[in-house]
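Enquirer: Below you'll find the structure I mean.
The values are calculated or read from the model by the stated rules, or taken from the named source; none is laboratory data. Remember, predicted model here, so these are calculated numbers, not experimental data. In this analysis, Cβ positions are derived from the backbone assuming ideal geometry, glycine residues included, and neighbour counts consider all displayed protein chains. Areas reflect the complete protein model, heavy atoms only, side chains present, ligands, DNA and RNA absent. Shrake-Rupley method; radii C 1.70, N 1.55, O 1.52, S 1.80 Å.
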Amino acid sequence: MRVDGTSESALWSPGRRNFTIGLVLVITLAAFEAMGIGTALPTIVRELHAEQWYSWPFTVFLAASAIGNVVGGRIADRRGPGAPLLVAMPTFGLGLLIAGFAPDMPSLLVARAMQGIGAGGQIVALYVLIARVYPERDRPAAFGALSAAWVVPALVGPAITGLLTEHLSWRWTFLGLAPLMLVGALLLVPTVRRLGAGETASPAGAPGLPLAAVGAAAGVVGVNWAAQTATDGNTSVPVVVIGVVALLVLAPSLRMLLPRGTFSGQPGIPVMVLARGLLAGVFITAQAFVPLTLSVVHGYSPAAAGIPLTVGSLGWSAGAFFQSSRRGIRREYLVGAGLLLVATAVAGLVLIAPVWGPAWAVFGLWSLGGAGMGIAISSTSVRVLSLSEPQRRGFNSAALQLSDMLGQALLVGLGGVLVAAMSRPGAATAGVVPLDLLLACVAVLCAVRVLRRAAPAGT
C-alpha cells in the first residue's frame, strides 16, 4: 500500500488479480467469437445449405443481446450482479457447444440466440462488478483493460478462424472457445461469491422491462431487415410497412429502456447514453464502407483493404490506455474530445473517395478515429457508473449497451440505403462522400451537446 492508502496497482493487487484476469479472458474470448464468425460464416452457410439465411446468425445474436442486456441489468439491480453472471456465462458457453455441433441452420440460430443472451447478460453484470471491485479512481484503468482485450482478437482472430475453417472445421470457431470460457468463469467465481449479492434494496422498477426488451429486439431486427432489403433494391409496400411497424414498436420500447432525457441529451447519464449510441453508429457505419472504397476505387486486395480496420483497433486500444491515466479531467470533456477525433477521421475519409485521393491517408485517419473511440467509449462507461446509484447500475449499464447496439444497427442500415440511393451502377462510392460528411456532422453536433452538458466542477 502507498502512504495515501491507495492500492499499488489498479488492476493487479492480490485482491483483484484473479478477477482482472478472468474479466480480460472472458472479454477476449467473446471478442474472438465476434471477430471470427464473419470469417467462418460463408463456409458455415454453404455446408449447412442455408445461403439464404446468411445474415441471420448476426441478426439473431443482435436481438438476443438486447434481451440479455435488459434482463441481466434488471436482475443485477434486484439481486446483485452475481445471479445474471452465473447464468449468462454458462448460457454463452452452452451456445458455443450447440453451435459447434449444429447439424442445420435452425440449430445454429438457436445457438446464436443463446450466445447473444449470454453475451448481453454477462457484459452488464461485469460492468456492475467493476463498480464494486475497483474504486472509482481505478475504473478508467479497468475499462482500458476491456478495450485492450479486443486488440489480439482484432489482429489475429480472422486469420486463426480462417486457418481453422480451412484445415480443420468451422466448428472449432465455437468449440475451441468453450473450455477457455470455463477457465474465465472459474477465475471470476470467488469475486462473484464475495461481491455478487445485492448490496441495497432495489426499487421494483418497471414491470414491463422484459417485454420492452423483446419489443426493442424485434424493432431492431425489423428496421435492419427493411433497410437491408431496400438497399438490395426492393422497396415494395410490404418492406416499407414492416420498416414503419418496426419503428413504431421500437420507439415506445426505448422510452422504457433508456434513461429519461436520453434523446434530448439531458445532463449526466442521459447525454452519456446518447453519446455512446452516436459514437458507435458513426464510427462503425463509416468503417463499413472503408474496404469498399479502397477496393473499388483504389484497387486494393481484400486483405489490404481490411488493414485500416486493424489499425483502427490498435488506435482504439491506445485511446483507452490514454483515458485511463487522465483521472483529473472530467469525463464529459474526454467524451467530447473523442467525438471530435472521430468526426475528423470520418470527414477525412472524403479525401480518399476520389480516384485521385491519397489512399494511404486512411491508415492515419482510422488510427485517429480509433483513438477517439477508445477515449470516448471508455469514458462513457466510467461516467455512467460514477453517476449511477448502486441499485440502478444494472439498468444504466444495459442502457449503454442498448444505445451502442441501436446506434450501429440504425445508422449502418440507413447508411446503406443512402449509399445505394446516391450511387451509380459500378460506382458505389459516389454515395460514400455525402454519407461521411453527414456522419461527421452528427459527431460534431453530439460533441457540442456533450460539452455544453458538462457537469459543474466537483461532480
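Enquirer: Could you state the accessible area per residue of the chain in Å², with a 1.4 Å probe and every protein chain left in place?
Expert: 42
Enquirer: Related question: What is the range 349-390 by shape, rounded, prolate or oblate, if you read a ≥ b ≥ c off the alpha carbon gyration tensor as root eigenvalues and call it rounded for a/c under 1.5, prolate for a/b larger than b/c, and oblate otherwise?
Expert: Prolate is the answer for the range 349-390, as a/c is 1.5 or above and a/b outweighs b/c.
Enquirer: Follow-up question, since we're still on this one. For a test of the definition: using alpha carbon positions, the gyration tensor, and the 1.5 limit on a/c, classify the range 321-459 as rounded, prolate or oblate. It would help to have the intermediate numbers written out before the result.
Expert: Working: a/c = 2.75, a/b = 1.81, b/c = 1.52.
Here the range 321-459 falls in the prolate category.
Enquirer: Hey, if you put +1 on the Cβ of every Lys and Arg and -1 on every Asp and Glu Cβ in the chain, which of TRP360, ALA34, SER65 ends up farthest toward the positive end of that dipole?
Expert: Of the listed residues, the answer is SER65.
Enquirer: Report the extension gain between ARG260 and PHE58 in nm, rounded to one decimal, defined as 0.36 nm multiplied by the number of residues separating them, less their alpha carbon distance.
Expert: Once the chain is fully extended between ARG260 and PHE58, it gains 69.8 nm.
Enquirer: Which order do peptides 309-319, 337-347, 175-185, 270-280 fall in by mean Cβ count within 10 Å, highest first?
Expert: Highest-to-lowest ranking by the protection proxy: 270-280, 337-347, 309-319, 175-185.
Enquirer: Rounded to the nearest 0.05, what FRET efficiency do ALA361 and ARG193 give with R0 = 60 Å and r taken as the Cβ-Cβ distance? Could you check?
Expert: Here the calculated transfer efficiency is 0.70.
Enquirer: Oh, and also: Just going by the charge dipole of the range 347-455, with Lys and Arg at +1 and Asp and Glu at -1 on Cβ, which of LEU406, ALA430, ALA347 is farthest out on the positive end?
Expert: Of the listed residues, the answer is LEU406.
Enquirer: Additional query: Sort 245-252, 329-336 by packing, meaning the average of other beta carbons within 10 Å per residue, with the highest value first.
Expert: 329-336, 245-252
Enquirer: What shape does the chain have by the C-alpha gyration tensor, where a ≥ b ≥ c are the square roots of the eigenvalues, rounded means a/c under 1.5, and otherwise prolate means a/b greater than b/c and oblate the rest?
Expert: Verdict is rounded for the chain.
Enquirer: Express the carbon and sulfur contribution to the solvent-accessible surface of the chain as a percent, rounded to the nearest whole number, probe 1.4 angstrom.
Expert: 69
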